[in-house]
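Everything on this sheet refers to the single structure shown next.
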Amino acid sequence: FRAGIAEFLALMPPNSHGEANPADKDPAPLPFDSTYNTPEHDDFVLKVKYQRNDQYLADYLLDDADRARLAQAWSNLLTSFPYYADYLGLLTEHYGLKLKSPRLQDLDATQIAALPAEARPYFSALRASYDETTKAQALAQPGHIDDALAFASRAWRRPLTTAEVKSLRAFYQKSIKENGLDHDGAIRALLARILVSPSFLYRVETVASSTEKPLNGWEMASRMSFFLWASIPDAELRRAAGAGELVKPELLAKQVKRMTADPKARRLATEFFGQWLGVYHFDEYRGVDTGRFPEFTDEVRSAMYDEAISTFEYLVRQERPMKEMLYADYTFLNQPLAKFYGIEQEALPADKVVLVQGAGAFDRGGVLRLGSVLTVTSAPLRTSPVKRGDWVLRRILGTPTPPPPADAGTIPRDDKAFNGQTLREQLTAHKRNATCAACHLKIDPLGFPLEGFDAVGRTRDKYADGKPVDVTGEFADKTTIAGTDGLLKYLRSQEQQVTRTLSRKMLGYALGRTILASDRPLLDEMATAGGNASFSDLAVKIITSRQFRNHAAGDDVAGQKARLTVSIPAVSPPTAL
């Protein structure tokens, strides 16, 4: 037993149980000065940084396979930056030597033997390490090309043809033989060649010349992934495409459920909901006059954006009924946003938004009460019932009014210039123009109920001049709705129209085109599902539909059975909203 302990202590590195040090305080290896904050130590830390001291681990704790993986990891690291050139420079400077060449590969055994005796072991060890990693890199080069081809298959979202494989390999060889690139440069050129290909930048689909043609599995996988993830298919979707599973409705439905539950579905919240509801890139929004509203900081704007995207993501990933888009009794807040809204909530984090239930108690929850929506539908200095009412008509009900006539006129952009009048009085005077009245009778009743929120989405009951806020909307038939609750009640009475608008937006986004008359039966089916349907329920109806699973029929092309069309750019989402 004592002999075993003695052997263990002899083998164990002496610093194995020492205190962990920050990397910049690690001692430099011999022959360098390891005194902290000296020029030689600092040069080593800044230029070379890494040193292997895992010999005990490699020799006594790892098996052959893990030992080889560790060696490969070190080889990859030491060849990823000018490690050997910098190390050689430090050694040369330390010993005050002048070498014939600053390149380690030019330092042969004869030159090393001519060095001072104390320097030889370090130069010899560095050259041996260089030779070992260079050999490993040379052996790995064919694998690099294979990896690039596998990357091309993922980037182009389908298996490569034999001709494409030959072409890419030939491109690599030509880069070396004719363009004079080394292996690393040729691999970079090969990757660039893959990424500038139309097969990556665009979705290229074969279009039947006269009748519809079913998409193949790879085209289905690509359509599904860009619809639900705004990105390329993952490994599971590629597997399903290769196995021929994406032609069966029940397996398509299973994939939809998986994909909408995945964290990547946040991209759907960002792209689809963001574009449809007008908060796309709200984190970069500059439409607020921060001189009037200094509390609207970058931190608040970012949190408002996260509040919206997290709400939409929650709807999708948790399979909530889509009616909660309007009527949710929850929202997402962090400490700065809650303070900005005037909401007292304990234990909220400062750096990220979290789910807060019971939001209706403080007039939050649902898209109508999102700070981002209320802000983008305001003017820089004041609220705009016209913008907000038009937003409800256009984006929620899908019944936009015509553009205003050229002589419609405007009201002052600053409510301080109203000369004592209220915003309602200003709009009433504006509506005396007969060409304006017809539209305003539809718009204004839906905008005034949101006057309980100021131009940056905070609740209020008085204007800046102290006059009470009027949140009543009156239609042409004299019926009224009051406040957010009244507006939500009105929208409940229009549920069929709201659901149909959602269905149109989803279908247009999924297909990347405008809605056609032939889409009406599918829209009817989606709308019939009602507000209790989840996003994934509606997505299943779209993805299993004839429209989604088939190439559209094109015009006859003389002498051709089919033609290629370039549809949706892979680097940006569909915008047919």
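The values are calculated or read from the model by the stated rules, or taken from the named source; none is laboratory data. Just so we're clear, the structure is a prediction, and the values are computed from it rather than from any experiment. Note that we place each Cβ from the backbone using ideal geometry, even for glycine, and neighbour counts take in every protein chain shown. Ligands, DNA and RNA are stripped out before the accessible areas are found, and what is left, the full protein with its side chains, is counted by its heavy atoms. Shrake-Rupley method; radii C 1.70, N 1.55, O 1.52, S 1.80 Å.
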Practice problem: For the stretch 146-201, enumerate the residues that are within 32 Å of the chain's Cα centre (by Cα), under 24 Å from ALA241 (Cα atoms), free of Cβ contacts under 8 Å to residues at least 12 places away in the same chain and open to solvent by 40 Å² or more (accessible area, probe 1.4 Å). | Solution: ASP146, ASP147, ALA150, THR161
Quiz item: Out of all the residues in the stretch 326-333, is one or more more than 17 Å from ASP485 (Cα to Cα), acidic (Asp, Glu) and open to solvent by 20 Å² or more (accessible area, probe 1.4 Å)?
Solution: no
Practice problem: Please indicate, with yes or no, whether at least one residue in the stretch 215-229 is at pLDDT below 95, outside any helix (DSSP H, G or I) and more than 30 Å from THR383 (Cβ to Cβ). | Solution: yes
Quiz item: What is the number of the single condition among (1) among the hydrophobic types (A, V, I, L, M, F, W, C); (2) at pLDDT 95 or above; (3) assigned to a loop (DSSP other than H, G, I, E, B) that LEU381 does not meet?
Solution: (2)
Quiz item: Residues in the stretch 132-145 that are open to solvent by less than 70 Å² (accessible area, probe 1.4 Å), farther than 25 Å from SER231 by Cα and not aliphatic (A, V, I, L, M): how many?
Solution: 5
Exercise. Determine, yes or no, whether LEU252 is within 30 Å of LEU397 (Cβ to Cβ), in a helix (DSSP H, G or I) and touching a residue at least 12 places away in the same chain (Cβ under 8 Å).
Key: no
Quiz prompt | Within the stretch 236-262, tally of residues that are in contact with a helix residue (DSSP H, G or I) (Cβ under 6 Å, 6 or more places away or on another chain) and open to solvent by 60 Å² or more (accessible area, probe 1.4 Å) | solution = 1
Practice problem: Would you mind finding the one in VAL392, VAL386 that is in contact with a Leu (Cβ under 6 Å, 6 or more places away or on another chain) and assigned to a helix (DSSP H, G or I)? | Solution: VAL392
Practice problem: Check whether at least one residue in the stretch 404-422 is out of contact with any Lys or Arg (no Cβ under 9 Å at 6 or more places or on another chain), open to solvent by 20 Å² or more (accessible area, probe 1.4 Å), of a type in the set (S, T, N, Q) and on the phi > 0 side of the Ramachandran plot, and report yes or no. | Solution: yes
Quiz item: Looking at (1) open to solvent by 80 Å² or more (accessible area, probe 1.4 Å); (2) within 30 Å of TRP229 (Cα to Cα), which is the only condition LEU507 fails?
Solution: (1)
Quiz item: Is it the case that the stretch 342-353 has a residue that's touching a residue at least 12 places away in the same chain (Cβ under 8 Å) and touching a Gly at 6+ places or on another chain (Cβ under 9 Å)?
Solution: no
Self-check item: Meets criteria (at pLDDT 95 or above, outside any helix (DSSP H, G or I) and surrounded by fewer than 18 Cβ atoms within 10 Å (Cβ to Cβ)) for GLU299
Solution: no
